[in-house]
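Below is one structure, written out as structure tokens, with a few remarks after it.
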Amino acid sequence: MAQVVLKDLNKKFDEVYAVKDVNLHIRDKEFMVLVGPSGCGKSTTLRMVAGLEEITSGEVHIGERLVNDLPPKDRDIAMVFQNYALYPHMTVYDNMAFGLKMRKFPKSEIETRVKDAATLLGIQDLLKRKPRQLSGGQRQRVAVGRAIVRHPQVFLFDEPLSNLDAKLRVQMRVELKRLHHDRLETTVIYVTHDQVEAMTLGDRVVVMKDGLVQQVGEPLELYSKPRNKFVAGFIGSPAMNFIDTTIVEAGGALYAEALGLRVRVPPDRVSRLGPYKGRAMTLGIRPEDLREAGGGDPQDLVFEALVEVVEPLGSEILLDTRVGNQTLVARVDPTVRTRHHQKIRLAFVPDRIHFFDNTTDEAIA
Amino acid sequence: MIEQRWKRWVFFYIPLTLFIIGTLFPFYWMFVTAIRPDHELYRSWRAANNAPFWTLQPTLAHFQDLLARTTFPRWLWNTFFIAVASTGISLFCGLLAGYALARLRFPMAGALGTSIFVTYLVPPTLLFIPLADIIREFHLGNTPWALILTYPTFLIPFCTWLLMGYFKTIPKELEECARIDGATRLGAMVRIIFPIAIPGILSAGIFAFTLSWNEFIYALIFLSSPERKTVPVGVVSELIRGDIYFWGQLMAGALLGSIPVALVYSFFVEYYVTGLTGSVKG
Ligand SMILES: Nc1ncnc2c1ncn2[C@@H]1O[C@H](COP(=O)(O)OP(=O)(O)OP(=O)(O)O)[C@@H](O)[C@H]1O
Ligand SMILES: [Mg+2]
């Protein structure tokens, strides 16, 4: 039952800002993911919410309370750390019971809650073990279990899956999501540097860079309408292709000149792009918005590329191609037959093109 | 294969054997001298059937003499009491200071850590002069407290440094998690960090105990009456009279005096090793 509100939150380490003017409204029961490259201030933000890091300026509200000066134990939160931070000298049971014991719950209540959580996570047989006798995945579950027995108002996760191997990570990801939907119904703030995790888990996603929030939105919104070049390049894998382009006017219509082509600007974007007439911009196109050209494609959207690397993934093929001095990645159907050093004809999907201002990196749409 | 074997001998077994002999020989010598009868001890080196490295007539006479004619048991008790008390004080201060230096962020933390270490480097042979003054001011001369309160001058810096290093190897997430789970900072320290740091605490304690058990200079200067003395000082000052060395009793005293320390070490040797190599796995 708690929203989390961050107002003008700042954190300064010595003279550098790790987190700068962050404003976020995380709604009750929302699964909010903070994502960004290493060192962008995600953990610091989370730790300020937890009360582990002093706030340089700004406010943190949990529920209706301003918690700036509240110690971590009074914030009614639970946190799962990247290294799990299980207490090595305690059994799994004691690890999970620790928070309840500190809060003076009756013994019987502690036992039911720990057993419930353990069953939910499938670790009921491990309760008597010490953490060092567990595998990475099991430790991960214990850490999650320790957090959920407390029924806190807000869950904080700091890269909880990044120490697991790829397969286990996918599995735990699904489980976390199910847990949130079906059982917990609690506000979650989840930090990761993995954009796939961010997209799959988050109700909404916050993209950060250098301590600044770049964009907040639902996963598909970030994907289809990135606000700037950084978000466009960060979200999506393989990353969006960026191509130098120039906007020109010819016969009353706007065209983007790139790769020796003239791509006609869709009519609904003419008004925003009008001021850029005659100027250099960056054109962005996602790999899946490039396809092998067929007979029906208009000639002004088709260009020829030299295939450098072919990466067949089964359900699709990734082509690393070269056009002039530009490298482009295309994601094409598995039926496409091509080899390296061969030429291939590719076509744009015109209404999926993004334009970015070269000085501000803002998306123009 | 053959080359491997000789390498093992030359670089491993032979140096190791020499090292072990070098370390253990003084103890053996102490032992043999303590059980050697006087007439063997004080005869000419060139006497017939002289066997310097062993004896065929072992005797406990020196031990009996030591226990009957000197206040050795009393010294043993004094040493023990002083060592335990000063170790306790130093561990307590070292724990808190080491924790603070390892974990809390406060201005000048680094400089403070270094300066504590520097105080450890001041040699006791210099420090005893001002300390003697202080002991006199407080009328503590010739009491156990003279030592219990001065030993921490070198034990606290030592414990602080050892424990600070150990605390730094414990992931800080552990106590952060405990603080979120409902513990205060102090609670997290006592319930989570200290239990994990037991190997470190034990090795600091053993070291401190040994250092104060063997301490000589302060004990020599601050204690004067025979029944107040500690083993190292008592043995030397009561069993060397003028230029006469009571070798048998001296060595018996040294042997008995080193047994408690050896016992303490052998009990905790495992902890002690992990304490020094400092490894905690989550
Ligand atoms: N205790 C500290 N003292 C000084 N600078 C710090 C401290 N903690 C973090 N920083 C700096 O603050 C910035 C943000 O760090 P933060 O840990 O929040 O990054 P992050 O986004 O979590 O990165 P990662 O994905 O690597 O965990 C970094 O540039 C880091 O160097
Ligand atoms: Mg981080």
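The values are calculated or read from the model by the stated rules, or taken from the named source; none is laboratory data. Treat the numbers as computed from the prediction; the structure is a model and nothing was measured. Cβ placement follows ideal geometry from the backbone for every residue including glycine, while neighbour counts extend to all protein chains displayed. Just the protein is used for accessible areas: all its heavy atoms, side chains included, with ligands, DNA and RNA removed. Shrake-Rupley method; radii C 1.70, N 1.55, O 1.52, S 1.80 Å.
With (1) under 26 Å from the mean Cα position of the chain (by Cα); (2) more than 27 Å from A:ARG178 (Cα to Cα); (3) away from ligand 2 (no atom under 16 Å from the Cβ) as the list, and A:VAL67 as the residue in question, which single condition is left unmet?
(1)
Check the stretch A:191-198 and report whether any residue there is closer than 21 Å to A:THR282 by Cβ, open to solvent by less than 30 Å² (accessible area, probe 1.4 Å) and modelled with pLDDT under 95.
There is at least one residue in the stretch A:191-198 that is closer than 21 Å to A:THR282 by Cβ, open to solvent by less than 30 Å² (accessible area, probe 1.4 Å) and modelled with pLDDT under 95.
Which count do you get for residues in the stretch A:49-89 that are small (Gly, Ala, Ser) and part of a strand (DSSP E or B)?
3
If I go through the stretch A:119-131 residue by residue, how many of them are surrounded by fewer than 12 Cβ atoms within 10 Å (Cβ to Cβ) and of a type in the set (D, E, K, R)?
Qualifying residue count, the stretch A:119-131: 2.
Considering only the stretch A:14-33, state which residues are in a strand (DSSP E or B), open to solvent by less than 70 Å² (accessible area, probe 1.4 Å) and either near ligand 1 (Cβ under 10 Å from one of its atoms) or farther than 14 Å from A:HIS193 by Cα (or both).
Matches in the stretch A:14-33: A:ALA18, A:VAL19, A:VAL22, A:LEU24, A:ILE26, A:PHE31.
Does A:ASN68 satisfy the condition of being more than 14 Å from chain B (Cβ to nearest Cβ), surrounded by fewer than 22 Cβ atoms within 10 Å (Cβ to Cβ) and closer than 27 Å to B:ARG185 by Cβ?
Spelling it out, A:ASN68 is indeed more than 14 Å from chain B (Cβ to nearest Cβ), surrounded by fewer than 22 Cβ atoms within 10 Å (Cβ to Cβ) and closer than 27 Å to B:ARG185 by Cβ.
So which residues in the stretch B:28-48 are at pLDDT below 90 and either of a type in the set (A, V, I, L, M, F, W, C) or over 26 Å from B:GLN64 (Cβ atoms) (or both)?
Listed by number, the residues that qualify are B:LEU41, B:SER44, B:TRP45, B:ARG46, B:ALA47, B:ALA48.
What residue, of A:GLY36, A:GLY58, is within 16 Å of ligand 1 (Cβ to nearest atom) and surrounded by fewer than 22 Cβ atoms within 10 Å (Cβ to Cβ)?
Result of the check over A:GLY36, A:GLY58: A:GLY58.
Can you confirm whether A:GLY294 is out of contact with any Leu (no Cβ under 8 Å at 6 or more places or on another chain), more than 25 Å from A:PHE230 (Cα to Cα) and part of a loop (DSSP other than H, G, I, E, B)?
yes
Mind listing whichever residues of the stretch A:199-213 are small (Gly, Ala, Ser) and within 14 Å of ligand 2 (Cβ to nearest atom)?
A:GLY211
Considering only residues that are under 26 Å from the mean Cα position of the chain (by Cα) and either crowded, with 22+ Cβ neighbours inside 10 Å or within 11 Å of another protein chain (Cβ to nearest Cβ) (or both), which ones fall in the stretch A:149-160?
A:PRO152, A:VAL154, A:PHE155, A:LEU156, A:PHE157, A:ASP158, A:PRO160
Looking only at the stretch A:27-51, filter to residues that are more than 12 Å from ligand 2 (Cβ to nearest atom) and within 21 Å of A:ASN68 (Cα to Cα); which one of those is farthest from the other protein chains (Cβ to nearest Cβ)?
Filtering the stretch A:27-51 for residues that are more than 12 Å from ligand 2 (Cβ to nearest atom) and within 21 Å of A:ASN68 (Cα to Cα), the one farthest from the other protein chains (Cβ to nearest Cβ) comes out as A:ARG27.
How about the stretch B:203-231: which of its residues are touching a Ser or Thr at 6+ places or on another chain (Cβ under 8 Å) and not hydrophobic (A, V, I, L, M, F, W, C)?
Across the stretch B:203-231, the qualifying residues are B:GLY205, B:SER212, B:GLU215, B:TYR218, B:PRO226, B:GLU227, B:ARG228, B:LYS229, B:THR230.
Quickly run through the stretch A:71-117 and pick out the residues that are open to solvent by less than 70 Å² (accessible area, probe 1.4 Å), more than 8 Å from every other protein chain (Cβ to nearest Cβ) and at positive phi.
A:ASP76
Regarding the stretch A:106-113, can at least one residue be identified that is touching an Asp or Glu at 6+ places or on another chain (Cβ under 7 Å) and more than 12 Å from ligand 1 (Cβ to nearest atom)?
no
Write out, first by first residue and then by second, each pair whose Cβ atoms fall under 7 Å of each other, whose residues are 6+ apart or on separate chains, and whose first residue, in the stretch A:5-18, is over 26 Å from B:PRO107 (Cβ atoms) while the second is of a type in the set (A, V, I, L, M, F, W, C) and away from ligand 2 (no atom under 16 Å from the Cβ).
Every condition considered, the pairs that remain are A:LEU6/A:LEU24; A:LEU6/A:VAL60.
Mind checking which helices (runs of 4 or more DSSP H) fall wholly inside the stretch B:147-263 and carry at least 3 residues that are surrounded by 22 or more Cβ atoms within 10 Å (Cβ to Cβ)?
Answer list for the stretch B:147-263: B:152-169, B:172-181, B:198-214, B:217-222, B:231-239.
For the subset of the stretch A:70-95 comprising residues that are touching a strand residue (DSSP E or B) at 6+ places or on another chain (Cβ under 9 Å) and of a type in the set (D, E, K, R), which member is nearest to ligand 2 (Cβ to nearest atom)?
Ranking the qualifying residues of the stretch A:70-95, first place goes to A:ARG75.
Identify the single condition in (1) away from ligand 1 (no atom under 15 Å from the Cβ); (2) surrounded by 22 or more Cβ atoms within 10 Å (Cβ to Cβ); (3) under 23 Å from A:LEU161 (Cβ atoms) that A:GLY41 does not satisfy, given that it satisfies every other one.
A:GLY41 satisfies all of (1) away from ligand 1 (no atom under 15 Å from the Cβ); (2) surrounded by 22 or more Cβ atoms within 10 Å (Cβ to Cβ); (3) under 23 Å from A:LEU161 (Cβ atoms) except (1).
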